[in-house]
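All remarks here apply to the structure that follows.
Each reported figure results from applying straightforward, stated rules to the coordinates on display, with no laboratory input. The structure presented is a predicted model; accordingly, all values stated were derived computationally and were not measured.
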Amino acid sequence: MDYSEIRTVHLISVVISIALFALRAVLAEMEINWRSFAWLRLVPHMNDTVLLIAAMTLATMSGQAPWAVMWLAAKLGALVVYIDLGRRALKAGASQKSRRIFTVLAFLTVAYIVCVAITRSASLNICTAGVQS
């Protein structure tokens, strides 16, 4: 596979990952036990594995190491934050209020990750420039 094909796999995996998180968050909000659906417990992990492998492959192919390129480091750091927020948002037994707060924070973090990926800048100012207008 060439760079363009791997990038496409990465982007499709990003969309699927966000959609699956949103689906699980909506089901949790509706107090539907999404864990009772085996595919909702398994598919997100499989997709996220593909997503991370594609991301590592792209970084390797382009010769960019996350510790040497600020925007990649920011994206990786934000990913760790997103994973923790998502875990808290979907935690069994969490209150509805805490689920909502963590879900919103997780989506804000995803928005930052996407902005960093598009702009190749870790600056929050660049990512919020359109919001201020």
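Here are the numbers:
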{"read-out": "Added length on full extension, which subtracts the Cα-Cα distance from 0.36 nm per residue, M70 to Q96", "value": "5.8 nm"}
{"read-out": "Kirkwood Rh and Cα Rg combined as Rg over Rh, evaluated for the chain", "value": "1.00"}
{"read-out": "Tail beyond 15 Å, pair distance distribution of the range 16-82 (Cα, percent)", "value": "62"}
{"read-out": "Convex hull of the range 58-133 built on C-alpha atoms - directionally averaged projected area, nm²", "value": "6.0"}
{"read-out": "The range 1-94, relative contact order [Cα under 8 Å, separation at least 6], %", "value": "34"}
